[in-house]
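Written out below as structure tokens is the structure these notes cover.
The values are calculated or read from the model by the stated rules, or taken from the named source; none is laboratory data. Just so it is clear, the model here is predicted, and its values are computed rather than measured. Every residue, glycine as well, gets a Cβ built from its backbone with ideal geometry; the counts of neighbours run over all protein chains shown. Surface accessibility is based on the protein's heavy atoms, side chains included, excluding ligands, DNA and RNA. Shrake-Rupley method; radii C 1.70, N 1.55, O 1.52, S 1.80 Å.
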Amino acid sequence: QVQLVESGGGLVQAGDSLRLSCAASGRTFSYYVMGWFRQPPGKEREIVATINYSGGSTYYVDSVKGRFTISRDNAKNTVYLQMNSLKPEDTAVYYCAASRKVGGPTRRDEYAYWGQGTQVTVSS
């Protein structure tokens, strides 16, 4: 079992940057594919980015490509989401999640473990 705790959210202006962190408990962090999801106000939770076990393979939703970077440090049991050039439409609660699925899972139901979420608000 994995417990996940996100941090790093906040209120920023359009064009600013934020780095989200997700700290995982347990000794098997490196066994999990990690994902970042977000849920904008009044909308469904959606995939943002994923990273495989070693960090050698990543996926990004089109709307964040070139602006967001997902990375992980298995020695620190932590996954990061660097968010640059933030836009008001990036405003959402951001969640990290862990999956044992192979092949780059992108669906919510493929992730068994979730953090509590961290709010990101981007003002125009």
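Odds and ends about this structure:
- All conditions in (1) touching a helix residue (DSSP H, G or I) at 6+ places or on another chain (Cβ under 6 Å); (2) open to solvent by 20 Å² or more (accessible area, probe 1.4 Å) hold for residue 41, with the sole exception of (1).
- The set of residues from segment 91-111 being open to solvent by 50 Å² or more (accessible area, probe 1.4 Å) and in contact with a Lys or Arg (Cβ under 7 Å, 6 or more places away or on another chain) comprises just one member, 108.
- Answer residue from segment 112-122, given it is in a strand (DSSP E or B) and farther than 18 Å from residue 42 by Cβ and is least open to solvent (accessible area, probe 1.4 Å) among those: 118
- Complete set of residues in segment 78-90 that are open to solvent by 30 Å² or more (accessible area, probe 1.4 Å) and not in a helix (DSSP H, G or I): 80, 82, 84, 85, 87
- Hits in segment 91-111 - residues which are assigned to a loop (DSSP other than H, G, I, E, B) and either among the aliphatic types (A, V, I, L, M) or touching a Phe, Trp or Tyr at 6+ places or on another chain (Cβ under 9 Å) (or both): 100, 101, 102, 104, 105, 106, 111
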